[in-house]
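Here the structure is laid out as structure tokens; the discussion comes afterwards.
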Amino acid sequence: MTGPGYNFAYLDEGTKRMIRRAILKGIAVPGYQVPFSAREMPMPYGWGTGGVQVTAACLLPEDRLKVIDQGADDTTNAVSIRRFFERTAHVATTTSTTAATVIQTRHRIPEHPLREGQILVFQVPIPEPLRFLEPRETETRRMHSLEEYGLMHVKLYEDIARHGTIATSYAYPVRVEGRYVMDPSPIPKFDNPRLSDCAAIQLFGAGREQRIYALPPHTQVVSLDFEDHPFDPGKAPHDCDLCGAVDSYLDEVITDDRGGRMFVCSDTDHCTCRRAAGHSGRLAAPLPAGRA
Amino acid sequence: MTPEALAGGFARPAEEAARGFRGLLEVLARPGLILRLGGAAPPAPLGAAAGVLALVLLDRTTPVHLAGGHDCPDLRDWLAFHCGAPLVGAEEAAFAFGRWEDLHPVARFAIGTPDYPDRAATLVIDCPRLEAEGARLRGPGIRGEARLSLPEIAAFRANRARFPLGFDAFLTCGDRIAGLPRSTRVEDV
């Protein structure tokens, strides 16, 4: 038992069975959104209820769980979900990408490449990539069944017509194994190349919309584009001001009211590990003792 | 129902079901991988790995088909007590258990609909042997290629040709299990 009143990992076994069946069907049809009967969780919609249910269905007592929110281990959403599973599943938690066996994420893929045996669980707000183009579920479902994705290309084309370039910068649509168009959740398009041929299992949970989908390891995932406007993952023209990384995804932080700003790695574990290894950026202060 | 039907379940249900599921997830996500699953002791002819799958995934919402020699009183009773799954004909089954020759013709099983390809059957095939050799597998979950001893090639090729429709399969041999989702391309070598 794991404490008074709760089953291991909060959900009852019947619910976990239902979620586990949906995950397996999602693995069998990569990119297809499997409906599931999402439960109310003790947190509001939009705070990762889908990801939490997928994580709960996967967790083993000996797992090491990492939770990130926009790359950071220390923001409210990440801290509260980590504590939730510390309390209900008594699993060990970590902030290290390499030490974690299960990683629940909101809106980022860790900078450090994932390995075989790891599971990455995405929190998804709107799982249907066609939803803002076609509001009717009956129609989007038919579009997926007929592989009718012309509307999505029209949307990207209109971006080019209006802005000269594809302006979609996050939740950038992808095609999975040449079949389903999938919403990669609101990760920056910078992270899109990491979805493809990833060694870890990637699971996507949308609680409010009651959908689960999945990418098995080494699945081919292609960001939609045009021959004359190839996909560009984009990169802020800066280095990290703390660790000096030249190739990581950056957050812009306003530091005063006179236009001062700094750019720091969005992935806090990546940044901390680099600084501990001696790398240093433009504004880096020495690490406090014991942090390394 | 005999007293034996009451035995053979998980000793620690939440933990062992989680462990069983992670095994099922790994083998289905990496076709060709063979893992051992333990914790269940179902009556013959169901093997230990297939028993774990039953305990992890089956309940009263999952119609089950028992094919050939698997359709015996001992196994019916065991599934009734531990899972509560209704027993049905092949056409209505969400899960089917049996030897490959007894599951034939596999065209009977649900392959989902274009709108809902997830509404497809999962076949749990009891194999006399299960080795990482024989048919060549390619597709999602496989780095390069993998090998797996399949009972037949043609049926799985036909199944892949209908993607995203099709049934999904687990191959079991005693406590060993491998996964073969409909997304896998199968070649004879």
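Of all residues being farther than 20 Å from A:Tyr32 by Cα and more than 11 Å from the chain's Cα centre (by Cα) in region B:174-186, which is nearest to the other protein chains (Cβ to nearest Cβ)? Just the residue, please.
Ranking the qualifying residues of region B:174-186, first place goes to B:Val186.
If a residue has to be surrounded by fewer than 19 Cβ atoms within 10 Å (Cβ to Cβ) and more than 15 Å from A:Glu177 (Cβ to Cβ) to count, how many in region B:137-148 make the cut?
Here the count works out to 3.
Scan A:Asp232, A:Asp256, A:Asp269, A:Asp225 and give me the residue that is surrounded by fewer than 14 Cβ atoms within 10 Å (Cβ to Cβ) and closer than 28 Å to B:Gly141 by Cα.
It is A:Asp232.
Just to be sure before I move on: is A:Thr76 over 24 Å from B:Ala29 (Cα atoms), out of contact with any Cys (no Cβ under 7 Å at 6 or more places or on another chain) and modelled with pLDDT under 95 in the structure I sent?
yes
Just give me the residues in region B:65-95 being within 14 Å of another protein chain (Cβ to nearest Cβ), surrounded by fewer than 21 Cβ atoms within 10 Å (Cβ to Cβ) and more than 18 Å from B:Phe21 (Cβ to Cβ), in sequence order.
Correct list: B:Gly84 only.
Take the conditions under 30 Å from A:Glu139 (Cα atoms), modelled with pLDDT of 95 or more, away from chain A (no Cβ under 14 Å) and open to solvent by 30 Å² or more (accessible area, probe 1.4 Å) and apply them to B:Glu131. Does it pass?
No; evaluated as a whole, the condition is false for this residue.
What is the number of the single condition among (1) in contact (Cβ under 8 Å) with a residue 40 or more places away in the chain; (2) more than 17 Å from A:Val176 (Cβ to Cβ) that A:Glu62 does not meet?
It is condition (1) that A:Glu62 fails.
Of all residues in region B:1-12, count the ones that are touching a residue at least 12 places away in the same chain (Cβ under 8 Å) and either among the aliphatic types (A, V, I, L, M) or open to solvent by 30 Å² or more (accessible area, probe 1.4 Å) (or both).
Of the residues in region B:1-12, 8 are touching a residue at least 12 places away in the same chain (Cβ under 8 Å) and either among the aliphatic types (A, V, I, L, M) or open to solvent by 30 Å² or more (accessible area, probe 1.4 Å) (or both).
Would you confirm, using the coordinates I've provided, whether A:Leu65 is assigned to a loop (DSSP other than H, G, I, E, B), of a type in the set (A, V, I, L, M), surrounded by 15 or more Cβ atoms within 10 Å (Cβ to Cβ) and within 14 Å of another protein chain (Cβ to nearest Cβ)?
no
Of all residues in region A:169-181, which are open to solvent by less than 20 Å² (accessible area, probe 1.4 Å), farther than 15 Å from A:Glu134 by Cβ and either in contact with a Lys or Arg (Cβ under 7 Å, 6 or more places away or on another chain) or away from chain B (no Cβ under 14 Å) (or both)?
Of everything in region A:169-181, just one residue is open to solvent by less than 20 Å² (accessible area, probe 1.4 Å), farther than 15 Å from A:Glu134 by Cβ and either in contact with a Lys or Arg (Cβ under 7 Å, 6 or more places away or on another chain) or away from chain B (no Cβ under 14 Å) (or both), namely A:Tyr172.
Does A:Leu130 fit the bill of being part of a loop (DSSP other than H, G, I, E, B) and touching a residue at least 12 places away in the same chain (Cβ under 8 Å)?
Criteria met by A:Leu130.
Among the strands (runs of 3 or more DSSP E) lying completely within region A:185-248, list those that include at least 3 residues that are touching a residue at least 24 places away in the same chain (Cβ under 8 Å) and over 20 Å from A:Thr168 (Cβ atoms).
Counting at least 3 such residues, we get A:201-206, A:211-215.
Can you find a residue that is of a type outside the set (A, V, I, L, M, F, W, C) and assigned to a strand (DSSP E or B) anywhere in region B:102-113?
No, that holds for no residue.
Would you mind finding the one in A:Lys189, A:Lys155 that is charged (D, E, K, R), more than 14 Å from chain B (Cβ to nearest Cβ) and closer than 29 Å to B:Ile142 by Cβ?
A:Lys189
All but one of (1) over 24 Å from B:Ala54 (Cβ atoms); (2) part of a loop (DSSP other than H, G, I, E, B) hold for B:Ala158; state the number of the condition that does not hold.
Condition (2) is where B:Ala158 drops out.
Which numbered condition in (1) assigned to a loop (DSSP other than H, G, I, E, B); (2) within 11 Å of chain B (Cβ to nearest Cβ); (3) charged (D, E, K, R) is the only one that A:Arg39 fails?
(2)
Mind checking which residues of region A:1-49 are of a type in the set (Ser, Thr, Tyr), open to solvent by 10 Å² or more (accessible area, probe 1.4 Å) and within 12 Å of A:Gln210 (Cα to Cα)?
Answer for region A:1-49, where residues must be of a type in the set (Ser, Thr, Tyr), open to solvent by 10 Å² or more (accessible area, probe 1.4 Å) and within 12 Å of A:Gln210 (Cα to Cα): A:Ser37, A:Tyr45.
From the set of residues in region A:68-88 that are surrounded by fewer than 24 Cβ atoms within 10 Å (Cβ to Cβ) and part of a loop (DSSP other than H, G, I, E, B), which is nearest to the other protein chains (Cβ to nearest Cβ)?
Ranking the qualifying residues of region A:68-88, first place goes to A:Asp73.
The values are calculated or read from the model by the stated rules, or taken from the named source; none is laboratory data. From a predicted model like this one, the values you see are computed outputs, not experimental measurements. All Cβ positions, even for glycine, are placed from backbone atoms using ideal geometry, and neighbour counts span all protein chains on display. All accessible areas refer to the heavy atoms of the entire protein, side chains included, with ligands and DNA or RNA removed. Shrake-Rupley method; radii C 1.70, N 1.55, O 1.52, S 1.80 Å.
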